[in-house]
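Data block below; observations after.
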Amino acid sequence: MSDQSMKHPPALWTLFLSEMWERFCYYGMRALLTLFLIESMMKGKPEAFLIYGAYTALVYAAPILGGRLADKYLGYQYAIMLGAVLMSIGEFLIVASTDILDLNTALRDTLMLIGMGGLIVGNGYFKANISTIVGKLYKDGDPRRDSGFTIFYIGINVGALLATTVVAVVGKQYGFEYGFGLAGLGMLAGLLIFWSGRKKYEHVPNINITEAGRERWLGMERWKTITILSLLLIPLCMVLIFKNSILIYILVAIFILVVFQLISAGVKEGGVWRDRMIALTIMMVINIIFWAAFEQAGTSLTLFAKENVNRYMSFLDWEMPATMTQFFNPFFIITFGSLFSWMWIKLDAMGKNPSIPMKFSYGILQLGAGYLVTIIGMQFANEAFQVPLLTLVFLYMLHTTGELFLSPIGLSMVTKLAPKNIAGTAMGGWFLSFAMANYLAGAIATLTGGEGHGGEEAVALSAEQGLHTYVDTFSTLGFVLIGFAILIALLSKPLNKLMHGVV
């Protein structure tokens, strides 16, 4: 462990490892989900993309409720542990929905949806609150905060790297049930680490069940009642995944409600906090656009890798599974993450640290440039209309450096901009922007074409048509993103003024 890392609170490393294994669970399931839906559950591409989009949207919407309940009743520790248990159970139910038990299609669909519901509700309790604890480890104005969140973000991506190599490969080569099972075991490991390191973060405000949570409600203490009622959210999640067309309207309505709550809370705190909540709302909208474009990794980019990328490595005599191509993103996060963590501290010391809006602009610019790499890749396509694997390598590298300009900075930004009494709600609102983005990502993925059901025969487009459709969609997306990045750069000064100097 480096001297720099030793300067951070010891609890950061407990949270780092806990989040690492939780992300191993989530990204392991995500890496396999689209191909599982198409190849094993016999869904058509558009249906699979929309199910994937609805599921990932709900995964990111759930922290709104999870953050609020932790703030008011459950405390952060119990909420995180409850989430870990529900996610583990959900993952093992998805194992049961595979071919392992030789069940009929209807029962497999039901078990899969119940498992997804458990993962959604569990993630709602886990994700927002562990990020909130990280923010509360640092005092206001502590220059280590951005660095600490970047280190925490590396933990997320170590888990993602393990998931997209180990889980993705095991699931594709030995059976989806083994991949999903490994993901569930990873979540149990995260739960054990979080519990065993509880002494290191016990000083964090609101870590334990609150006084309001100890009050009696419906015949028992409120925290127990909330735990039981949480289980009733699982059938609701099942309906929303199945009837995913109505989900976007619900997400927009919740977004408007959360924005109203945040701005109202800011108004009560004074003009500075009101302006900051307005700025946070604008940054949420920017975040939606970034992640709607970024989150093609689990859908259209995975199918692009399967159908139109030459994944054979002659020097190894081995073909990389399409699911494994998602590993490039966490690999580059880990490769560049420490450099970025060091860079923010150095730039701050030199007085040259870019403002938060400018960091977002640079991030979106790189994301757009990544999609334009596919135009270059198409010039080197082989006779089977497959682009070189290096196309994805450079695409994901640019996406990753863009992500490092935006995502860990965004987490840190929320903890800086939000009043302390609504920190969990603000973090939940931030994850709601991811929810809307993931739903939109599923819709964008359907533009890449392809109909039918199950396996290779599902591809209605020829390889040549498919390649052109993918590249046309990705390049259009790239040009739109670059234009949007320029717009944010032009608006960066008024946005920074609304933040009142928060960097």
Share of Cα-Cα pairs in segment 39-187 beyond 26 Å, whole percent, is 33 percent
Here the gain from full extension of Glu221 to Gln379, 0.36 nm per residue of separation minus their alpha-carbon distance, amounts to 50.4 nm
Spelling it out for Asn310: with amide H atoms placed in the peptide plane at 1.01 Å from N, the residues 5 or more places away or on another chain with amide H under 5 Å from its amide H are Val387, Leu389
For segment 155-162, Karplus-derived ³J(HN,Hα) couplings (6.51, -1.76, 1.60; θ = phi - 60°; whole Hz; x for glycine and proline) come out as x, 4, 7, 5, x, 5, 5, 4
Under the 7 Å Cα-to-Cβ spin-label approximation, Ala463 and Val272 lie apart by a distance in nanometres of 6.3 nm
If the label point sits 7 Å along Cα→Cβ of Leu487, residues of segment 274-292 with amide N under 16 Å come out as 282-292
Note to self: C-alpha centroids of segment 366-442 and segment 17-44 sit apart, in Å, by 18 Å
Listing Leu185, Leu229, Leu301, Leu50 by rising number of other beta-carbon atoms within 10 angstrom, fewest first, gives Leu229, Leu185, Leu50, Leu301
Hydrodynamic radius by Kirkwood for segment 1-88, inverse mean 1/r across distinct Cα pairs, in Å, is 15.6 Å
Scalar couplings 3J(HN,Hα) for segment 327-342 by Karplus 6.51 cos²θ - 1.76 cosθ + 1.60 (θ = phi - 60°), nearest whole Hz, x for Gly and Pro, are 6, 4, 4, x, 4, 6, 4, 5, 5, 9, x, 5, 4, 5, 4, 5
Length gained if Ile246 through Ile282 is fully extended, taking 0.36 nm per residue and subtracting the Cα-Cα distance, is 10.5 nm
Quick calc, Asn421 & Leu185: beta-carbon distance into FRET formula, R0 45 Å, rounding 0.05, result 0.75
Kirkwood-based Rg/Rh on the Cα set of segment 170-273 evaluates to 1.08
Subtracting the Cα-Cα distance of Met343 and Arg198 from 0.36 nm times their residue separation yields 49.1 nm
Placing one equal point scatterer on each C-alpha of the chain and summing with Debye, one gets log10 I(q)/I(0) at q = 0.13 Å⁻¹ equal to -1.29
Kirkwood calc, segment 295-439, C-alpha pairs only, radius in angstrom 17.2 Å
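Throughout, read-outs are computed from the coordinates displayed, never taken from laboratory work. Note that the coordinates shown come from a computational prediction; the quantities given were computed from them, not determined experimentally. Backbone-built Cβ (ideal geometry, glycine too); neighbour counts: all protein chains shown.
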